[in-house]
Amino acid sequence: MYDTMLDLIHFDQTLILPKYDYELLEREGYHVLLLYRGATRCRPYLHFRPLNLSERYTEYDFSELLFECYEGHLEVLSYSVTETTDTITIQTRYALRNDDPLGKLNGLQFSYYQEIWGDESDPVFHYQVENAMYAEFDTSIPNRPLALELNGTLSGEAVKVPLVGSYLCPTE
């Protein structure tokens, strides 16, 4: 029997948030809701920051590519929250479908290659993937994260996983 394999990019995020800035409001499903300095309700997520904006390729074009090719969101595969007296630590694993051969990950730089005027090697869209906080009701990869300082780590890795048992075809 042959397993159908999925091409994914796993992003592993660890955020260490000081309690004097952040309060944990709720944990719902795979999402965490925080309150920043008593005023701003926010959620951890990832930001795909465009690296090569130009007159030809605007922020809108970069955003549209994420929506058209990747449905504009990352799946949350798992998360854990640990609280100490001083900090809230949130560890999250995200998945991005990567079955389009034009999308490539190099470290935390994600590039989408597109053929322009017959040149297949012309990289068009370059993004830097970064830790971010977004407003409570943003439901997809938003263009602009909240301007909040974050302490933590982020790593990305292209992987192949069996379809059966994945988030698309859970066995439990």
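Does region 112-154 hold any residues that are among the acidic types (Asp, Glu), modelled with pLDDT under 85 and closer than 27 Å to residue 39 by Cα, and which are they?
Result: 136, 138.
Which of the residues belonging to region 51-107 are part of a loop (DSSP other than H, G, I, E, B) and farther than 24 Å from residue 125 by Cα?
84, 85, 86
Could you list, in sequence order, the residues of region 21-35 that are modelled with pLDDT under 95 and not in a strand (DSSP E or B)?
Selection gives 29, 30.
Need the failing condition index for residue 93 against (1) farther than 28 Å from residue 29 by Cα; (2) at pLDDT 90 or above; (3) surrounded by 14 or more Cβ atoms within 10 Å (Cβ to Cβ), just the number.
Going through the list (1) farther than 28 Å from residue 29 by Cα; (2) at pLDDT 90 or above; (3) surrounded by 14 or more Cβ atoms within 10 Å (Cβ to Cβ), residue 93 breaks only (1).
Residues checked against (1) at positive phi; (2) polar (S, T, N, Q); (3) surrounded by 15 or more Cβ atoms within 10 Å (Cβ to Cβ):
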site	(1), (2), (3)
15	no, no, yes
20	no, no, no
26	no, no, no
32	no, no, yes
42	no, no, yes
54	no, yes, no
76	no, no, yes
83	no, no, no
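Looking at region 57-68 only, could you name the residues that are surrounded by fewer than 15 Cβ atoms within 10 Å (Cβ to Cβ) and touching a residue at least 24 places away in the same chain (Cβ under 8 Å)?
Result: 59, 61, 67.
Which condition breaks for residue 38 when tested against (1) at pLDDT below 90; (2) in a loop (DSSP other than H, G, I, E, B); (3) not aromatic (Phe, Trp, Tyr)?
The single condition residue 38 does not satisfy is (1).
The values are calculated or read from the model by the stated rules, or taken from the named source; none is laboratory data. In this text, all values refer to a predicted model and were calculated from it rather than measured experimentally. We place every Cβ from the backbone using ideal geometry, glycine too, and count neighbours over all the protein chains shown.
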